[in-house]
Amino acid sequence: MSTPRSWIRRLLVTLLLAALASGATAQAALTEGDAPLSVPIAQLVTHAKEYDGKTLTVEGEAIGDLMKRGDHSWVNILEDGVAIGVWLTNDQASCIHELGRYGNSGDLIRVTGTFHRACPDHGGDLDMHAETLQILRRGEKHNVEATPQRLAVGIGLCILAGILTLIWRYRERKTTGV
């Protein structure tokens, strides 16, 4: 005859196994179901082989320049210091208004598309071909003012560069005898 403790232990083990099985099923549904898997760009780049050819969603700041190539464009998106190139139609690219650079924060965008570890269409580059693009937040221009401290540092660096150039030229003349 089984004791109440052993019965409770079997029940807990059964519940734990059922929970683990349902978690695995839910994970499989996320990766193979209708909704594309959302992946951080850093993880996408470091585990590129695992995600190659899959439809994924990434989010990041549009940076640099929009590079038009016929009826498509390239844009780079940055998340946590890692960027990836995205190939999209010019209609999709026209939705992006601000690009991140000095003095600007770029539009925060969400891109769903096919990830390529070594894209056959683009010389073997790691990229993503966008199917959909959403603007999550508009970027904005930042007013970068020249403060007296920045001006002083700039002038000081120019003077230092001039002195180092004079020293280099003096040594060059001394060794060549000119």
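The values are calculated or read from the model by the stated rules, or taken from the named source; none is laboratory data. Here the structure is a predicted model, which means the values were calculated and not measured. Cβ: placed from backbone, ideal geometry, glycine included. Neighbour counts: every protein chain shown.
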Response to the item:
For Arg173, the lone unmet condition from (1) touching a Phe, Trp or Tyr at 6+ places or on another chain (Cβ under 8 Å); (2) assigned to a helix (DSSP H, G or I) is (1)
Response to the item:
Restricting the range 25-53 to residues that are assigned to a loop (DSSP other than H, G, I, E, B) and surrounded by fewer than 16 Cβ atoms within 10 Å (Cβ to Cβ), the one modelled with the lowest pLDDT turns out to be Gly33
Worksheet entry | Verdict on Ala48 being in contact (Cβ under 8 Å) with a residue 40 or more places away in the chain and within 30 Å of Asn143 (Cβ to Cβ) | no
Response to the item:
Inside the range 54-72, the number of residues satisfying the requirement of being under 15 Å from Phe115 (Cβ atoms) and assigned to a strand (DSSP E or B) is 6
Worksheet item: Does Thr176 meet the test of being modelled with pLDDT under 95, more than 26 Å from Gln43 (Cβ to Cβ) and either among the aromatic types (Phe, Trp, Tyr) or not assigned by TED's automatic domain parsing to the domain that holds Leu44 (or both)?
Response: yes
Worksheet entry | Search result, residues across the range 143-178 that are surrounded by 10 or more Cβ atoms within 10 Å (Cβ to Cβ) and within 30 Å of Cys95 (Cβ to Cβ) | Val144
Practice prompt. Answer with yes or no whether Val75 is touching a Leu at 6+ places or on another chain (Cβ under 6 Å) and in a strand (DSSP E or B).
Written response: yes
Item to complete: Select from the range 72-119 the residues that are among the acidic types (Asp, Glu) and in contact (Cβ under 8 Å) with a residue 12 or more places away in the chain and list them in ascending order.
Response: Glu79, Asp80, Glu98, Asp107
Discussion item. I'm checking my understanding of the structure. Among residues of the range 98-118 that are assigned to a strand (DSSP E or B) and of a type in the set (Gly, Ala, Ser), which one is surrounded by the most Cβ atoms within 10 Å (Cβ to Cβ)?
Written reply: Gly113
Discussion item. Give me the residue from the range 55-71 that is in contact (Cβ under 8 Å) with a residue 24 or more places away in the chain, over 19 Å from His97 (Cβ atoms) and in contact with a helix residue (DSSP H, G or I) (Cβ under 8 Å, 6 or more places away or on another chain) and, out of that set, surrounded by the most Cβ atoms within 10 Å (Cβ to Cβ).
Written reply: Val58
